[in-house]
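The values are calculated or read from the model by the stated rules, or taken from the named source; none is laboratory data. Bear in mind the structure is a predicted one, so any value in this text is a computation, not a measurement. Cβ placement follows ideal geometry from the backbone for every residue including glycine, while neighbour counts extend to all protein chains displayed. Just the protein is used for accessible areas: all its heavy atoms, side chains included, with ligands, DNA and RNA removed. Shrake-Rupley method; radii C 1.70, N 1.55, O 1.52, S 1.80 Å.
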Amino acid sequence: MGIRDLLAEVASTYDRAAGSTREVKGQQVLRGVASRTDLVLPPGFRAEGHGGQTTPAATPWIGLFEKQGMQDPKKGLYLAYIFSADLKNVTLTLQQGITWLEEPLGKGRAREEHLRHHAARLRRAVKRRENIGWVDEPDLRDAATRPRAYEAASVIAKVYDTAKLPGDIALLEDLYLGVQSLRRAEEFDRVWWASGENDAFQLAYALKAHGAEDDASARDFDPLADFRPKESGEYTAEIKARQQVKQRTHEKLVDDFGRYVVGRGFTPITLRQHPKDLVLRQQEPLEGQPDEWLVEAKIVRHGNPTVAVREALGQLFEYRHFLYPKQSAPFLLGLFSEEIGVYASYLEEHGVASVWRSEEGWNGSARARGWGMTTS
């Protein structure tokens, strides 16, 4: 008995309506996967079946994990055979962990958007188009949050008809392609996360109307009530076998500007605004104009503003598109650690104002001066 027979047995015995107790045949098959010795797997890999615990899984699955590598499907990257809810298909997929994102992003659309965006990034690394017959996402045919998250988390996928499963040799060949893709994706993922260039949730869009839960009375009493920038001191980052000490100059920039702009009639908000750096609202709003300013803060490195301006412009447009689908578009503001020169007019041409730290305090572009954020 090999992989083919195991997949066929799960498809023929799993019954979601029968429950998740040990007496249920399909659950027995899945729970017995970890102890089986007849499965031919790539060297160093083990298999583990999942059919739900107290509640039967809508889409049962078999995870394939490296014995010396990532052991927890809640986070990281791994391979899995995931069955569709109707059991007509089973998909070998390179998956991202989904459970660890529940706390920062919830279980709905925000998590799916984050997973799908990062999957697209990883897909470029694994070169999916070289694997003929593979697709991006499976169709698991269930509207529950977990199956939808599995679909969004898929980097590449090979879908099989459970009534016409290929032989073990063909399945193993596909599995080895999956392992190669896993290796490429893991290396890319390590480099990207360790680079220090990206916030972990830079592209994790919370697609809801921000500010709906704000405490209006608290804001009226204290304009800094919802302004809680991160700690600006040094912190230690563990990267592989070494340590790096980094400066949170980005947070310091947000903190300083937020406290400054209060005196210019604005309320700075960071609470519940992630992944936005900062949101500003007027303490005395004017009728007929957008009710908030979306601020993206960037540190200018080595006196060259090119990269900082490019990243700020891209993120502001991206956040406006994804975070304000049903709201009035916000004003856009780039916040910089030093003067950006000719790029101020460049940003203005694209409808983006800019403010930067100067020896005198804060200077800004014409649009920022018009809003009263700076006087020079």
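Looking at the range 92-99, is at least one residue under 27 Å from the mean Cα position of the chain (by Cα), farther than 21 Å from L172 by Cα and assigned to a helix (DSSP H, G or I)?
yes
In the list T59, T99, T93, T13, which residue meets the criterion of being exposed (fewer than 15 other Cβ atoms within 10 Å of the Cβ) and not basic (K, R)? Let's see the steps before the verdict.
Details: T59 fails: exposed (fewer than 15 other Cβ atoms within 10 Å of the Cβ); T93 fails: exposed (fewer than 15 other Cβ atoms within 10 Å of the Cβ); T13 fails: exposed (fewer than 15 other Cβ atoms within 10 Å of the Cβ).
Matching residue, one of T59, T99, T93, T13: T99.
Testing K127 on (1) touching an Asp or Glu at 6+ places or on another chain (Cβ under 6 Å); (2) open to solvent by 40 Å² or more (accessible area, probe 1.4 Å), one condition comes back false. Which one is that?
Against the list (1) touching an Asp or Glu at 6+ places or on another chain (Cβ under 6 Å); (2) open to solvent by 40 Å² or more (accessible area, probe 1.4 Å), K127 comes up short only on (1).
Would you call R320 open to solvent by 60 Å² or more (accessible area, probe 1.4 Å), in contact (Cβ under 8 Å) with a residue 24 or more places away in the chain and outside any loop (DSSP other than H, G, I, E, B)? Walk me through how you get there before you give the answer.
Numbers: open to solvent by 60 Å² or more (accessible area, probe 1.4 Å): yes; in contact (Cβ under 8 Å) with a residue 24 or more places away in the chain: yes; outside any loop (DSSP other than H, G, I, E, B): yes.
Answer is yes for this residue.
Mind listing just one residue for me: the one in the range 1-29 that is among the hydroxyl-bearing types (S, T, Y) and in contact with a Ser or Thr (Cβ under 9 Å, 6 or more places away or on another chain) and, of those, farthest from E173 (Cα to Cα)?
That would be S20.
How about the range 255-306: which strands (runs of 3 or more DSSP E) wholly inside it have at least 2 residues that are among the charged types (D, E, K, R) and surrounded by 14 or more Cβ atoms within 10 Å (Cβ to Cβ)? Explain how you work it out, then say what you get.
Details: elements: 266-269, 278-282, 293-298.
Because the criterion is at least 2 residues that are among the charged types (D, E, K, R) and surrounded by 14 or more Cβ atoms within 10 Å (Cβ to Cβ), the strands (runs of 3 or more DSSP E) in the range 255-306 that meet it are 293-298.
Going residue by residue through the range 330-352, is there one that turns out to be touching a residue at least 60 places away in the same chain (Cβ under 8 Å) and part of a loop (DSSP other than H, G, I, E, B)?
Looking for residues that are touching a residue at least 60 places away in the same chain (Cβ under 8 Å) and part of a loop (DSSP other than H, G, I, E, B), one finds at least one in the range 330-352, hence yes.
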